[in-house]
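The values are calculated or read from the model by the stated rules, or taken from the named source; none is laboratory data. These numbers come from a predicted model, not from an experiment. Every residue, glycine as well, gets a Cβ built from its backbone with ideal geometry; the counts of neighbours run over all protein chains shown. Surface accessibility is based on the protein's heavy atoms, side chains included, excluding ligands, DNA and RNA. Shrake-Rupley method; radii C 1.70, N 1.55, O 1.52, S 1.80 Å.
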Amino acid sequence: MFVFSQADVKKAETDTVMNKEINIVHGANLTKDETRFPGAFIFSKDNKQVQFEHQGADLWCDVAVFYKQENRLKAIGNIRLKQGDSVTMRSGKMDYDGNTKLAKAYESVVLKSQTSENGNMTLTTDTLRFDRESQQAYYQDFGTVVDSANTLTSEIGRYFMEIKKYQFLDSVHVDNPQYVLDSEQLDYYTTSKNAYMYGPSTITGESYKIYCERGFYDTKIESGYGIKNTRIDYNNRIIQGDSVYFDKASEFASATNNITVTDTINKGIIRAHYAEVFKAKDSVFATKRAVAISLVEQDSLYTHGDTLMITGKPEARILRAFRNAKFFKTDMSGKCDSIHSAEQTGITKLIRKPVLWNGENQMTGDSIHIKSNTKTEQLDSLIVLNNAFIVSLDSISQTGYNQAKGINLFGQFKENELKTIDLIGNNEVVYYMYNDDQELIGINKTKCSSIRIKMANNDVQDLIFKIEPDGDIFPEKDPDLGSKKLTGFVWRGEERILTKDDIFDEDDNNIELVVIQGIENPIDIDLEEEERSNNPSDPVNNIPIPENGKTTDPKRSNDQTKVK
């Protein structure tokens, strides 16, 4: 047990007071001027400057007005304040209070700080307050910060010396040889050169432009992300989403949740909840309720697949939709296992178990090709290869089916409307025929080598049997009619895509979006920066991730973005 006497307590109080006192190290040419500076000692330099010391800091000046009783001083001329080996401040004038450890510097203030073993930072401003108690320096009338990577300016700024962090407010501007950054508010860590943006912010590089209202940017390698109203203009594409990641070195960008990727040249749009853009390969990968939207003669074409890939230069784009592929436009829709559409040839291929609906007509075959005119972008022709089959529900009886089949089918469009269909090889027809009073005349059942079907308003107008037809018109209940369904008949009417929303199935509509940290919930940025600094040699792990722990980085195998 320790017992302190009154003398011990008194001595401790005295030591505390003495520790707070400003000490004179060199005070030459002492004078007093009670009229102008009552109660003050005035020191001026001789062969060397006046010097003071206070709790680990030294101050040099040409003239000092020292109020010993109040424990404060006014320094004038060639002032230098040095704290340890890392912080030096110079100015023309300075007020220093030993009780609060607050220095207020005026006239061409320059603050220099060592930010790393070989790196330094310089702050210049007209007026700077340096709070040595909290180890913060701040200005309110414009300042400039220069380090090894960037030049930063703002109207208001605060420097946190212990964590080597700047907080810039109002008209923040960053100049770098590779890019320019403008922001409403920016936190900048001088050791790592990492910037955290708040409010409207724009980064303009040689080949990209980024806008966001909350984001992170590594100014050394031009890599970062935005998580609020983010947009990247990248090559000939615009990428928007809840969270967008960008890396200049790998020429890679990715986005998560509510994404839109716009092709500014071909006027195409991709919407999804996850997408990746590879600039060098001029490609886009999209999944999670992904749809590509393009314009076909003033009519939007919607193409969906579990996965979408768009590759190639603008004039030679190729769209691939994999697994559960579907498309829709006003008078035509279809589905298959995969879709391959080439901008250069104008050919769209429906691959594996394809079905195409043109008006009320269902067409199937081993594969279906739709060709567009590459100049006018209008539909040109239709090809169904092997086992071509056309079916439509009889519009009057609503029970029978009009059918035509053959080996191959060739169709021609005029002004985007299917006008003629030629069936070639082993053709068969079952067709319900009515008079003008819509009374059933009979069912035409015919075989021949070639059939031409003339269309009007996406409906059958006329049948022309070209080569050696063999058949007749039978009453509906004539036993010689036989089956009213041709061999291979399959009706897939319940699968028909009637609206643009029908291209999505239940799984697409019930996707659970990942939670992106930082949009609604606050983040301890200082802690995040500390984590980054503790692992500076691992660029993959330093990519921000969402709460599910997945990442957009191309080196990783999963497909979600790490964002904070």
Seminar exercise, completed: With all protein chains in place and a 1.4 Å probe, GLU315 shows an accessible area in Å² (nearest 10) of 120 Å²
Exercise. Any idea what the relative contact order of the stretch 214-316 is, in percent, if you count C-alpha pairs under 8 Å spaced at least 6 apart?
Worked result: 17 percent
Exercise. How about the stretch 255-324: which trypsin sites (Lys or Arg not before Pro) there lie in a loop by DSSP and see at most 15 other Cβ atoms within 10 Å?
Worked result: LYS267, LYS281
For this session: Treat every Asp and Glu Cβ in the stretch 311-403 as -1 and every Lys and Arg Cβ as +1, leave all other atoms uncharged, and give the resulting dipole magnitude about the Cα centre to the nearest 20 debye.
Result: 460 debye
Exercise. Is the shape of the stretch 110-194 rounded, prolate or oblate, going by the alpha carbon gyration tensor and its root eigenvalues a ≥ b ≥ c, with a/c under 1.5 for rounded and a/b larger than b/c for prolate?
Worked result: oblate
For this session: Give the accessible surface of the chain per residue, rounded to a whole number of Å², with probe radius 1.4 Å and ligands, DNA and RNA excluded.
Result: 49 Å²
Problem set entry | Nearest-10 value in Å² for the accessible area of LEU169, using the 1.4 Å probe | 60 Å²
Problem set entry | Listed values (i) 54; (ii) 45; (iii) 40, entry calculated as percent of Cα pairs over 46 Å apart | (ii)
For this session: On the protein heavy atoms, probe 1.4 angstrom, tell me the percent of accessible surface of the stretch 261-382 carried by carbon and sulfur.
Result: 51 percent
Exercise. In nm, to one decimal, how far is the LYS267 label point from the ASP131 one, both placed 7 Å along Cα→Cβ?
Worked result: 5.7 nm
Seminar exercise, completed: From DSSP H assignment alone, runs of 4+ in the chain each adding -39500 (n - 2.57), the sum over residues rounded to the nearest 500 puts [θ] at 222 nm at -1500 deg cm²/dmol
For this session: Give LYS419/LYS445; LYS371/LYS414; LYS405/LYS445; LYS45/LYS93; LYS101/LYS193; LYS267/LYS335 a once-over and call out the pairs whose C-alpha atoms are over 21 Å from each other.
Result: LYS419/LYS445; LYS101/LYS193; LYS267/LYS335
Exercise. Excluding same-chain residues fewer than 8 positions from LYS466, which aspartates and glutamates have a Cα within less than 18 Å of its Cα?
Worked result: ASP422, GLU428
For this session: Just read off the accessible area of PHE278 with the full protein assembly in place, 1.4 Å probe, to the nearest 10 Å².
Result: 50 Å²
Exercise. Which sequence of LEU440, LEU423 reflects their accessible areas, 1.4 Å probe, from the largest down?
Worked result: LEU440, LEU423
Seminar exercise, completed: For the chain, longest principal axis from Cα atoms; helix 6-20 axis from its Cα atoms; angle between them, nearest 10 degrees, is 70 degrees
For this session: Using a 1.4 angstrom probe on heavy atoms only, work out the carbon and sulfur share of the accessible area of the stretch 23-65 in %.
Result: 51 percent
Exercise. Rounded, prolate or oblate: which fits the stretch 60-106, taking a ≥ b ≥ c as square roots of the Cα gyration tensor eigenvalues, rounded meaning a/c under 1.5, else prolate when a/b beats b/c?
Worked result: oblate
Exercise. Which of the pairs LYS313/LYS454; LYS68/LYS104; LYS32/LYS104 have their Cα atoms more than 28 Å apart in this structure?
Worked result: LYS313/LYS454
Problem set entry | Sites matching chymotrypsin sites (Phe, Trp or Tyr not before Pro) across the stretch 413-455 that sit in DSSP coil, with at most 16 neighbouring C-beta atoms within 10 Å | none
Seminar exercise, completed: Pseudo-spin-label distance ASP170 to THR499, built 7 Å along Cα→Cβ, given in nm, is 5.2 nm
Exercise. For the stretch 139-180, what does the alpha-carbon gyration tensor say about shape, rounded, prolate or oblate, given a ≥ b ≥ c as the root eigenvalues, a/c under 1.5 as rounded, and a/b over b/c as prolate?
Worked result: oblate
Problem set entry | Extension reserve of the ASN47-ASN510 stretch, reckoned as 0.36 nm per residue once the Cα distance is removed | 158.5 nm
Problem set entry | Those GluC sites (Glu not before Pro) in the stretch 201-248 that DSSP places in a loop and that have at most 12 other beta carbons within 10 Å | GLU206
Problem set entry | Test item: Cα-centred dipole of the chain, Lys/Arg +1 and Asp/Glu -1 on Cβ, debye | 1320 debye
For this session: Would you work out the relative contact order for the chain, in percent, from Cα pairs under 8 angstrom that are 6 or more residues apart?
Result: 5 percent
Exercise. Could you give P(r) for the stretch 20-147, binned at 5 Å from zero, as whole percent values over all Cα-Cα pairs?
Worked result: 2, 11, 21, 23, 20, 12, 7, 3, 1, 0
